[in-house]
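Read the structure below first, then the notes.
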């Protein structure tokens, strides 16, 4: 389906050339048509270039139409903001699958915990939580 070349098709048929694109797409270059907005960016109506999602925010797919389509990545929680949303890593003993704008991370089931030395963003599902073991000196 993408990229489609309306300019060339319409110009050949004697029609006007595309000068703006619908939301979720952007103008590839004058005379070459519209293309899908790439991952981790959004394209408002009549966009000439994709806008990257702020900070560590990501998109769940392509063709995102607005900043509202930028969400938390796995292992992070979404922090809404009036000017610019952001994301924060899940706290110890919590996890988040991400990609849905979760504003909090899910606690590990009772008796389990996350690895405190795991890299940031690695706590993405309940398997990130494992049984706790106590070390006695």
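Taking N as the number of residues in region 71-126, what is its Cα Rg relative to 2.2 N^0.38 Å?
Working: Rg = 11.2 Å, N = 56, 2.2 N^0.38 = 10.2 Å.
Normalised Cα radius of gyration, region 71-126: 1.10.
Using C-alpha pairs below 8 Å separated by at least 6 residues, the relative contact order for region 71-126 is 39 percent.
Would you order 127, 41 from fewest to most other beta-carbon atoms within 10 Å of each residue's own beta-carbon?
Working: 127 9, 41 19.
Starting with the residue having the fewest Cβ neighbours, the order is 127, 41.
What full-extension length gain, to one decimal in nm, is calculated for residue 113 and residue 68 as 0.36 nm per residue of separation minus the Cα-Cα distance?
Working: separation 45, 0.36 × 45 = 16.20 nm, distance 3.21 nm.
Once the chain is fully extended between residue 113 and residue 68, it gains 13.0 nm.
Hey, with R₀ at 22 Å, roughly what FRET efficiency would residue 120 and residue 60 work out to, going by the Cβ-Cβ distance, to 0.05? Rounded to the nearest 0.05, the efficiency is 0.60.
Values in this text are rule-based calculations from the coordinates and carry no lab data. Because the structure is predicted, anything quoted here is derived from the model rather than measured. Quick reminder, even Gly has a Cβ in these numbers, built from the backbone with ideal geometry, and neighbours come from all protein chains shown.
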